[in-house]
Structure formats: structure tokens, C-alpha cells
1. Could you give me the radius of gyration and the Dmax of segment 167-216, taking only the C-alpha atoms into account and expressing both in angstrom?
2. Need the list of aspartates and glutamates near K105 for cross-linking: C-alpha distance under 12 angstrom, and skip anything on the same chain fewer than eight residues off.
3. What Kirkwood hydrodynamic radius, in Å, does the chain give when the mean of 1/r is taken over all pairs of distinct Cα atoms and then inverted?
4. What number, rounded to the nearest 500 deg cm²/dmol, is the helix-based mean residue ellipticity at 222 nm of the chain, given -39500 (n - 2.57) per DSSP H run of at least four residues and division by all its residues?
5. So how long is each side of segment 458-545 along the principal axes, counting just the alpha-carbon atoms, biggest first, in Å?
6. Could you do me a favour and compute the accessible area per residue for the chain, 1.4 Å probe, result in Å²?
7. Could you let me know the centre-to-centre spacing of segment 1-71 and segment 433-501, using Cα atoms, in angstrom?
8. Sort 38-47, 155-164 for me by packing, meaning the mean count of neighbouring Cβ atoms within 10 Å per residue, highest on top.
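The values are calculated or read from the model by the stated rules, or taken from the named source; none is laboratory data. Source: prediction; values computed, not measured. Here the Cβ positions follow ideal geometry from the backbone for every residue, glycine too, while neighbour counts run over all protein chains shown. Accessible surface areas use protein heavy atoms only, side chains included; no ligands, DNA or RNA. Shrake-Rupley method; radii C 1.70, N 1.55, O 1.52, S 1.80 Å.
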Amino acid sequence: FQKTEAPRPPGAKDLHAYPWDKSSLKSMPVDLQQLKKLDAYALKVNVKNSVEELVKALLKQARTDLEKVRAIWMWICHHIEYDVVGYHNKSQLSSKPRDVLQMGKSICEGYAELFEHMCSLAGIQCKKLSGHAKGHGYKTGQTFTGDSDHAWNAVYLEGRWHLLDSTWGSGSVDDSFTKFTHRYNEFYFLTHPALFINNHFPDNSNWQLLKPTLTLKEFENNMLHNSNFYMLGLLATHPETPIIQTVNGKASVSVDCRPGTLFMFKLKGTDEHGLMTLQKHGMKLDIYPQKTGSHKLEIFAKPSKAEASDDVYKCVAEYVVECESVDKAMRFPKDLHQPVGPSWFSERQGFLRPSHREPVLHTNDGRCSLTFTLGKDISVLTSLHTDGSSLTEDMGRRHVLQIHRRNQIELKVHLPHAGNFVLKIYSKKKSDPGNYDYIFNYLIRCLNTEVKWPAFPQSYSKWLQDYEILEPLSGLLPANRNVHFKLKMHGVAKVLVQAENIHPLTQNKGCWEGTCNTSGCREVFVMVHENANHSFYSHVLKYEVETQ
């Protein structure tokens with residue numbers, strides 16, 4: 001072993017600019033692919049009798065200083081576990097490298113001392129640092145007083161100091177601090193100092209390796225972004241402070257990220273009292289707590305094109321929302337699904353060029369119409385929902401009418417009464433026999449209590465997608481009246497309207513038209529002859545007639 005000279009204190013050339021320049025997660029270029037073989041070798045080394053022997057074995061495959069540090073790092077992160085029992089009973093605990101190796105477990109002190117000792121045996125300058133950490137048991141917005149509570153290391157590589165934390169690289173403990181879970185975390189190896197400061201505040205501010213350095217107050221007030229935040233390619237949150245006051249019952253949060261990230265949120269454990277929209281480069285969230293007081297708000301994210309192993313939402317940021325007054329008008333229906341409104345996600349599913357890009361539609365007369373350009377081979381299902389029992393599932397479908405014109409779809413919505421409604425949109429490939437998949441939804445709001453639209457007529461399977469009802473649009477016809485029918489249909493030989501009597505419609509420029517009298521009947525059917533030679537009629541539409 002070569003002897004290492006005493007570590008030099010950090011100087012101007014070790015410093016990185018703060019805030020983070022969004023360039024790299026690490027403080028020097030590291031090619032993780034090239035280190036794969038070394039990583040695999042280091043994991044397999046199984047020497048427990050002395051630290052010297054262990055280092056000797058690890059260095060067999062390591063040439064450069066970076067490789068030596070990497071082998072030591074990999075070994076410690078995968079072979080030493082956090083000692084939750086020792087943490088609660090420190091008198092029995094030794095942080096001496098030999099003891100840590102023998103026991104195979106320790107607390108942060110022991111990880112850092114073992115790391116320092118192994119580096120010095122390998123001829124690499126390394127220093128154990130201590131300070132405050134926003135780690136286990138940290139509460140959003142808390143202050144730090146008294147002695148330091150965490151330890152980590154600085155290593156000297158290629159003429160500069162770099163930071164790492166092998167305790168946090170090895171895994172995590174649960175909330176009650178009784179169980180350690182091994183989960184390797186690449187983020188804490190040579191972390192960029194402008195990111196490391198997010199949750200590590202050294203007792204000696206020179207070891208922040210930053211210009212300018214942060215004060216303890218700034219550290220306390222800064223938003224905590226955990227490693228998931230950066231590993232998922234997220235860039236920033238707004239606001240940058242973790243405690244938010246509502247203004248008139250509303251608080252707003254947004255996240256900037258690289259394209260293709262999915263988000264969800266929980267306010268006090270549910271996603272009910274918010275309106276989240278996905279944007280190309282992030283998400284926007286408006287929160288309307290329905291109780292005053294302090295509420296924990298958690299933001300979760302996952303990549304949309306995830307490997308199966310990563311296909312879970314991970315918590316990336318936490319806020320505390322302090323609510324002084326409640327906006328009761330912003331109570332959302334329980335069927336509202338986050339995110340709300342169209343996004344790159346609904347576009348990817350084939351709903352292009354939405355006429356309404358906002359998540360909320362306001363209508364005064366209780367009617368609205370949305371259009372999209374549809375991707376190829378897409379079949380659409382829609383339904384309308386509201387709280388309470390005023391809309392059954394079947395009626396919820398009949399308050400939305402689909403109109404197809406070539407590759408365009410129009411959704412006409414007629415609300416049964418005033419209130420807050422959710423318009424849900426599902427789709428599937430026409431060629432797929434299976435079920436429809438939920439894609440996205442809108443919130444529709446109407447304050448006009450006069451509104452009372454009947455449902456659209458009921459359609460049957462022989463009513464084809466590109467047929468169109470021009471009139472009557474209302475599924476409820478007036479009694480004892482002559483009603484004019486005008487329907488756009490192709491490929492049929494005859495169209496009849498059956499009330500008390502049968503009324504044939506006549507074809508005129510692609511439309512079938514005619515009049516029918518509604519007296520003496522409760523239901524009116526539209527029927528078609530698909531083929532002039534058939535005596536057989538198919539029902540395509542059903543209307544109801546108002547009772548006297």
C-alpha cells in the first residue's frame with residue numbers, strides 16, 4: 001500500500017456554481033457502462049477477515065483512482081447494512097472500520113470511517129465529513145440545531161474534491177426506523193455538489209464545494225428534492241420553498257422536467273382536491289383543500305416508457321399546504337380522474353388537435369361541444385358522471401353524442417342539470433375485440449339552475465359510427481306533435497320511423513327526411529332495411545315520448 005499525504009483543504013478549483021446548471025448529476029464524467037464489469041467483480045469479493053485483505057482483493061481489477069474508489073464504494077453499498085438497533089442504542093456501537101467489517105452493519109459514522117480507511121489503504125485521499133442531513137425523520141420546513149446528525153465522505157480524484165454518501169447509497173430505513181431495506185442508489189456516488197447540498201449541510205461550509213456557499217437558513221428553507229427527483233430527469237419545482245399558503249383557498253405547484261414523465265399527487269393521502277394537468281415539459285397542479293389547517297402534499301412521478309421494474313410512481317417532492325380559507329365552489333366530483341384535460345399522453349393515444357386544451361369547460365346553457373382529430377383505427381366510448389344518483393351509468397352515456405366526419409370526432413354534451421360533471425373518454429383499436437381503455441377526462445361546470453337537457457336518443461349496434469342525427473337531437477319527443485326527422489345515413493335501402501303508425505323517410509342528398517306524429521305512443525323507433533330484397537328491419541334509434 002502507498003501512503004497518502006494529508007488531504008489538502010478544498011480550494012477555488014474544487015468549487016461548482018450554485019444553483020445547479022442542470023448539466024450533469026455527477027461532479028465528474030463517469031461512464032457507468034464501462035464500470036459494469038468492475039461493479040460485478042466488486043460485489044462478488046467476499047473477504048471479511050481484515051480491511052487490508054479486502055482492499056487488496058478489490059484493487060485487483062481496478063487501475064485508475066476512479067476505479068479504485070468505485071470498487072470500494074460498490075462493496076460497501078452492497079455489503080454493509082444500516083444498523084437500526086445500534087442507532088437506538090449507541091453505547092454498544094463501534095464505528096471502527098475493523099468492527100464494521102466484522103459486524104457487516106453500522107450507522108453513517110461507521111460507513112464513513114470504513115470508506116475513509118479503505119481509501120487511504122488504496123492510496124486515495126479521502127475525508128470523513130459531518131453535518132446536518134435532510135434524511136430519515138426530516139419534517140418539511142424544520143430547523144436544525146445542535147450537533148451534526150450525519151456523516152459522509154469527500155474523495156480526491158483527478159485533481160479535485162468530490163462528494164459521496166455510502167450510507168444513502170446502500171438503501172433506506174422505514175418510517176419507524178426499525179427496518180433497513182437494501183436498495184442500491186447510484187445518485188449518491190460523486191453527486192454534483194449543487195445537488196448534494198439539497199440534503200447534506202456540512203459543519204464546515206468549505207466542504208459544500210460551492211460558490212456561493214449556502215447558509216444554514218437557506219438550507220432549511222430550500223425545497224428537498226430526493227434522489228428520485230433527479231434520477232427521473234426532473235429539473236425544478238415551483239415554488240422553491242416547501243411551505244405554501246393558499247390564496248383564496250387555492251395553492252399552485254408546478255414541476256419542470258424532460259418530456260414524457262407521468263405524475264400523480266396526494267393531498268393528505270388522496271388526490272381528490274386538486275386539478276392536475278400534464279404538460280409537455282412537466283405538470284401543473286392547483287390544490288383546493290376543503291378543510292383549513294396544514295396539509296401534506298406529495299408529488300409522485302414515473303417515466304411513461306418505463307421498464308417493468310421502474311413502473312411505479314416514486315415520491316419526488318413534498319410540500320406543506322397551509323390553508324386559511326376554503327373555496328367550497330371548487331369541490332370536485334369524486335369521479336374526476338387525475339390528470340385532467342388533454343395532454344401529450346392523450347395525443348399519444350390518438351386524440352389529436354383538441355378543440356379545448358384547458359381541463360375545465362364552463363357552459364352557461366348546459367351544452368358544449370369538443371372536437372378532436374382521431375388517429376387511425378380508433379373506436380371511442382364516452383360517459384358523463386356527477387356526484388349523487390341523478391345519472392345512472394346508461395344515462396351517463398346517453399348525455400354525450402359522438403359525431404364522426406372522416407377522421408374528426410365531435411362530442412356533443414347536453415347536461416341534465418346544473419353542477420359539476422366529469423366527461424370521461426375511453427378508446428380501443430377497432431380491430432381489438434377487447435375492452436375500452438380509459439384515456440382522459442374533462443371537468444364540465446354549469447352554474448345555470450334553469451338547465452335541464454334530456455338525453456340523446458338511444459342507438460343500437462346497427463347505427464354506424466359515421467351516421468349522423470341532424471334532428472331531432474333530443475331523445476325525448478313532445479306528445480301529440482308532428483316531429484321532423486333528418487338523418488344522415490348511407491348504404492341502406494329504406495328508413496322507417498315507427499310510432500303509432502309507420503312513417504317512411506325519403507332520401508334527399510345523402511339525408512333521409514320525413515315527419516312522424518307522436519300521438520298515441522310512448523316510444524318511437526327508427527328502423528332500416530339494409531337490403532331492398534329483405535323483408536327484415538333493424539332498429540337503429542329509439543326515442544321516448546313525453547307523457548301527458
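1. 13.4, 38
2. Within the straight-line cut-off, K105 pairs with E81, D83.
3. Taking every pair of different Cα atoms in the chain, averaging 1/r and inverting gives 28.3 Å.
4. Value at 222 nm, helices only, nearest 500: -4500 deg cm²/dmol.
5. 32, 25, 24
6. Counting only protein heavy atoms, the per-residue value for the chain is 49 Å².
7. 70
8. For the peptides 38-47, 155-164, the packing ranking is 155-164, 38-47.
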